[in-house]
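As structure tokens, the structure follows; a few thoughts come after it.
The values are calculated or read from the model by the stated rules, or taken from the named source; none is laboratory data. These numbers come from a predicted model, not from an experiment. Glycine gets a Cβ as well: all are built from the backbone with ideal geometry, and neighbour counts include every protein chain shown. With ligands, DNA and RNA removed, areas are computed over all heavy atoms of the protein, side chains included. Shrake-Rupley method; radii C 1.70, N 1.55, O 1.52, S 1.80 Å.
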Amino acid sequence: MSAAIAVVGAGPTGTCLVERICANAADLLGWPSLDVHVIDPHPPGGGRVWRHDQPDLLWMNSTAADVTLFTDESVRCEGPIRPGPTLAEWLGCDPGGFASRPAQNGYLSHVFRQAVATAPRGVRVHVHAARAVDLAEVTASRFAVNGRDALRFGTRDRRRLRGRFVGLVFQDALTSFDPLRTVGDEIAEVLATHDVVPRAARREGRGGGARG
Ligand SMILES: Cc1cc2nc3c(=O)[nH]c(=O)nc-3n(C[C@H](O)[C@H](O)[C@H](O)COP(=O)(O)OP(=O)(O)OC[C@H]3O[C@@H](n4cnc5c(N)ncnc54)[C@H](O)[C@@H]3O)c2cc1C
């Protein structure tokens, strides 16, 4: 069976999320394949704020050495640590200097591409240059999932659909995520709710039976 996750918004937060999903996929996956749908009208990585088509005169207000989307030993998280360059290292610029917004776009795009390129076999990332609408309420006349019209699903079928086939990850960090829980915990919760992966496999994927 395959599964799908939709990531709405492909700015820095969405890019981090895709990086963590790809980095953890091998451990978390009980499926032979995972489709990650990344939805944003702007290209992934920079997203809306860090668009490439901005004047070089617009600078960041964070120093280049302070900007990174990669994990290192200072990051407390489950799953693999995947170190990478800071913005300053990637640009080869003064660590205390300030990069332009287009330069930051280059860095963020690189992180996104790198995450996708190093995703394990079976993980496919699809980029949709589109704006997600009506997430809470579907108003389309037809919404097909695996050839079946999901609008005609009853409560039980809809519950099976949510999480098991399609996951939506909201990115307003202040209200959507609990800072004390890892992204792995968030994903594992969906797996538990829908019993997609046997419990033992989930425990192993999250760092061993002792953590169950
Ligand atoms: C002009 C400006 C300058 C900034 N400068 C700095 C700075 O120098 N340093 C710093 O640390 N922070 C800065 N910030 C803060 C900035 O918000 C964060 O750095 C960072 O961009 C937040 O990342 P994010 O992915 O959470 O949100 P965003 O970057 O806002 O990304 C959200 C993405 O979601 C997409 N989206 C929204 N709704 C939908 C939808 N319905 N369907 C599909 N896609 C959708 C948007 O197109 C966007 O690409 C700045 C913000 C602005 C606006």
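Of the residues making up the stretch 84-108, those that are over 18 Å from P43 (Cα atoms) and open to solvent by 20 Å² or more (accessible area, probe 1.4 Å) are G84, P85, T86, E89, W90, L91, G92, C93, D94, P95, G96, F98. For the stretch 64-81, a tally of residues being surrounded by fewer than 17 Cβ atoms within 10 Å (Cβ to Cβ) and in contact (Cβ under 8 Å) with a residue 24 or more places away in the chain returns 3. Of all residue pairs spaced 6 or more apart or on separate chains, those with beta-carbon atoms under 9 Å, a first member in the stretch 174-190 that is acidic (D, E) and surrounded by fewer than 18 Cβ atoms within 10 Å (Cβ to Cβ) and a second member that is part of a helix (DSSP H, G or I) and at pLDDT 70 or above are D178/D185; D178/E186. Of the candidates V67, V38, the single residue that is within 16 Å of the ligand (Cβ to nearest atom), within 29 Å of I5 (Cβ to Cβ), among the aliphatic types (A, V, I, L, M) and touching a Phe, Trp or Tyr at 6+ places or on another chain (Cβ under 8 Å) is V67.
Does A26 meet the test of being among the aliphatic types (A, V, I, L, M) and more than 16 Å from the ligand (Cβ to nearest atom)? Taking the combined requirement at face value, the residue satisfies it. Within the stretch 24-59, the residues that satisfy the criterion of being hydrophobic (A, V, I, L, M, F, W, C) and at pLDDT below 90 are A25, A26, L28, L29, W31, L34.
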